[in-house]
Amino acid sequence: SSCLVPVEDLIPIGEFSDRSGLSAKRLRTYAAEGLIVPAAVDPASGYRYYSPSQLRSAQLIDALRQAGMPLAEIRVLMCEPSLDQLDVWARQLERDSTLRQRALGLARDLLIEIEPPSTQQQSERHQEDSRMTTLQTAGRTEKGPVRENNEDVIVATDCLAMIADGMGGHPSGEVAANAVAGAVRAGFSGHSAEELTAAIRAANWAIWDRAAAHSELEGMGTTVCAVGLLEDGRLALASVGDTRAYLWRGGQLTQLTQDHSLTAQLIERGEIRVEDAPQHPHYGILTRALGVGPDVEIDATTLDIEEGDRLLLCSDGLVNELSLTEIASIMISDDKDLSSMAANLVNKAVDNGGRDNVSAVLAEIAT
């Protein structure tokens with residue numbers, strides 16, 4: 001879960017490097033191994049922040065590394081700190097290696113005996129399911145009058161609705177957003193909700209790995225909110241960051257996702273009011289995003305949809321310009337046409353200032 005760090009205690013990576021004695025490059029290496037992941041990230045710049053409680057952990061990790069301990073073993077030791085563990089883990093590794101090799105040999109033998117369905121059979125089955133129930137979708141994305149380029153990417157197909165809001169600046173944000181869009185489209189077939197989260201998790205690693213290999217992409221990342229149609233007619237919903245999903249039911253708009261941001265944490269803890277969040281100095285600073293570390297926590301659930309329900313996915317560029325009342329008034333007036341509704345939502349947000357890229361995707365079950 002997200003670390004509840006007092007906003008005033010957040011340490012920029014440069015200061016954290018000075019105080020810990022570790023170079024920024026070494027900190028990024030340890031982050032890549034999942035040993036010390038930033039507590040927060042600025043979506044506009046990709047800049048990382050740490051908490052004071054991570055200083056001792058960073059120094060301990062570095063001391064163990066200099067002593068010659070592999071990073072994988074350090075990760076285990078950090079989870080279960082013990083002086084005796086230094087000796088115990090070395091013996092455990094040898095035992096685990098033997099057991100895993102035996103298990104792998106058994107799995108190899110079993111795999112040979114299993115004949116999976118042919119690609120044609122899988123395709124025919126999916127096509128049959130798709131004919132029964134589909135997802136009617138429509139989307140719109142605009143750069144807006146302030147930003148130089150559009151780092152939002154939308155997907156609107158008959159089985160998937162998604163928005164990814166890239167961060168890190170041009171071209172990094174677009175690269176990250178397109179990476180998760182491509183991964184989810186390729187990895188989600190509708191067989192299970194786990195497919196959706198697995199695709200997002202794979203995209204997170206790909207974004208992180210690519211940024212580590214290309215200095216010009218350092219700091220890139222993206223939010224994501226995706227809805228996929230499952231074979232049983234339910235919807236899988238997954239999100240990371242502050243790209244939101246709303247349910248429109250009976251003339252009421254209900255937020256389905258939780259923002260992963262510092263101000264959202266402050267609201268949850270009762271330290272600020274919802275209406276005061278946009279004026280907070282750390283408004284928009286994310287506590288979760290794809291590409292920040294080698295792994296990511298994903299909020300995921302499944303939804304039972306009733307006739308007449310609609311889902312609205314939107315980037316923060318839309319909700320920062322439109323109140324929920326304004327969004328509801330547009331959805332009521334355009335009750336029949338998803339494309340018109342998406343266009344009107346985005347156009348209204350742009351007219352209200354459009355200080356960020358603005359995106360909206362709408363979806364409803366069609367049988």
- Among the residues of segment 151-177, which ones are at pLDDT 95 or above and open to solvent by 40 Å² or more (accessible area, probe 1.4 Å)? 154, 156
- Would you check which residues across segment 18-28 are surrounded by 14 or more Cβ atoms within 10 Å (Cβ to Cβ) and not in a helix (DSSP H, G or I) and list them? 22
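Quick one: in segment 253-279, which of the residues that are open to solvent by 80 Å² or more (accessible area, probe 1.4 Å) and more than 23 Å from the chain's Cα centre (by Cα) is farthest from residue 50 (Cα to Cα)? First the steps, then the outcome.
Just the residues of segment 253-279 that are open to solvent by 80 Å² or more (accessible area, probe 1.4 Å), to begin with: 258, 268-269, 271, 273-275, 279.
With the extra rule that they be more than 23 Å from the chain's Cα centre (by Cα), the set shrinks to 271, 273, 275, 279.
Values: 271: 21, 273: 25, 275: 27, 279: 23 Å.
Selected residue: 275.
Just need a number here: residues in segment 219-236 that are open to solvent by 10 Å² or more (accessible area, probe 1.4 Å) and over 21 Å from residue 41 (Cα atoms).
If we filter segment 219-236 for residues that are open to solvent by 10 Å² or more (accessible area, probe 1.4 Å), which is where we start, we get 219, 229-234.
Filter once more, so that each one left must be over 21 Å from residue 41 (Cα atoms): 229-234.
Result for segment 219-236: 6.
Check segment 298-314 and report whether any residue there is touching a strand residue (DSSP E or B) at 6+ places or on another chain (Cβ under 9 Å), open to solvent by 30 Å² or more (accessible area, probe 1.4 Å) and closer than 30 Å to residue 28 by Cβ.
Our first condition is that a residue be touching a strand residue (DSSP E or B) at 6+ places or on another chain (Cβ under 9 Å); within segment 298-314, this holds for 298-314.
In the following step, the residues that additionally are open to solvent by 30 Å² or more (accessible area, probe 1.4 Å) were identified as 299-302, 304-308.
Of the ones still in play, those that are also closer than 30 Å to residue 28 by Cβ are 299-300.
Checking segment 298-314: at least one residue is touching a strand residue (DSSP E or B) at 6+ places or on another chain (Cβ under 9 Å), open to solvent by 30 Å² or more (accessible area, probe 1.4 Å) and closer than 30 Å to residue 28 by Cβ.
Can residue 232 be described as charged (D, E, K, R), under 21 Å from residue 201 (Cβ atoms) and assigned to a loop (DSSP other than H, G, I, E, B)? Don't jump to the end; show me each part of the working.
Details: charged (D, E, K, R): yes; under 21 Å from residue 201 (Cβ atoms): no; assigned to a loop (DSSP other than H, G, I, E, B): yes.
Taking the combined requirement at face value, the residue does not satisfy it.
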- Message: I'd like the full set of residues that are open to solvent by 30 Å² or more (accessible area, probe 1.4 Å) and more than 22 Å from residue 237 (Cα to Cα), limited to segment 280-297.
- Response: 280, 281, 282, 283
- Note on the structure: When segment 162-205 is checked residue by residue, the ones that are closer than 16 Å to residue 236 by Cα, of a type in the set (A, V, I, L, M, F, W, C), touching a residue at least 60 places away in the same chain (Cβ under 8 Å) and touching a helix residue (DSSP H, G or I) at 6+ places or on another chain (Cβ under 8 Å) are 162, 196, 200
- Given the conditions (1) at positive phi; (2) in contact with a helix residue (DSSP H, G or I) (Cβ under 7 Å, 6 or more places away or on another chain), report the number of the one that residue 248 does not fulfil. (1)
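Across segment 328-344, what is the total count of residues that are surrounded by fewer than 24 Cβ atoms within 10 Å (Cβ to Cβ) and under 27 Å from the mean Cα position of the chain (by Cα)?
The total comes to 6.
Those residues that are buried (at least 24 other Cβ atoms within 10 Å of the Cβ) and either touching a Lys or Arg at 6+ places or on another chain (Cβ under 6 Å) or over 16 Å from residue 324 (Cβ atoms) (or both), I need them from segment 346-355; list them, please. Steps first, please.
Filtering segment 346-355 down to residues buried (at least 24 other Cβ atoms within 10 Å of the Cβ) leaves 346, 349.
Scanning segment 346-355 gives a single hit, 346.
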- Message: For residue 31, only one of the following conditions fails: (1) free of Cβ contacts under 8 Å to residues at least 24 places away in the same chain; (2) open to solvent by less than 20 Å² (accessible area, probe 1.4 Å); (3) of a type outside the set (Phe, Trp, Tyr). What is its number?
- Response: (1)
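So in segment 133-150, with the set limited to residues that are open to solvent by less than 20 Å² (accessible area, probe 1.4 Å) and more than 20 Å from residue 242 (Cβ to Cβ), which one is modelled with the lowest pLDDT? Can you show your working first?
So in segment 133-150, the residues open to solvent by less than 20 Å² (accessible area, probe 1.4 Å) come out as 135, 138, 144.
Add one more test, that the residue is more than 20 Å from residue 242 (Cβ to Cβ), and what stays is 135, 138.
Values: 135: 93, 138: 96.
Among residues in segment 133-150 that are open to solvent by less than 20 Å² (accessible area, probe 1.4 Å) and more than 20 Å from residue 242 (Cβ to Cβ), the one modelled with the lowest pLDDT is 135.
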- Query: Just one of 186, 212, 199, 226 is within 16 Å of the chain's Cα centre (by Cα), in a helix (DSSP H, G or I) and aliphatic (A, V, I, L, M); which is it?
  - Reply: 199
- Restricting the first residue to segment 62-81 and requiring it to be farther than 18 Å from residue 25 by Cα and open to solvent by 50 Å² or more (accessible area, probe 1.4 Å), which pairs with a second residue that is modelled with pLDDT of 75 or more and not polar (S, T, N, Q) meet a Cβ separation below 8 Å and a spacing of at least six or different chains? 72/33; 75/33; 75/34; 75/35; 78/35; 78/60; 78/61
- Item | Whichever residue in segment 148-183 is within 18 Å of the chain's Cα centre (by Cα) and in a loop (DSSP other than H, G, I, E, B) and, among such residues, is nearest to residue 205 (Cα to Cα) | 168
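The values are calculated or read from the model by the stated rules, or taken from the named source; none is laboratory data. This one's a predicted model, so the numbers in the text were calculated from it and none came from an experiment. Don't worry about glycine lacking a Cβ; one is built from the backbone with ideal geometry, like all the others, and counts go over all protein chains shown. SASA here: full protein model, heavy atoms, side chains in, ligands and nucleic acids out. Shrake-Rupley method; radii C 1.70, N 1.55, O 1.52, S 1.80 Å.
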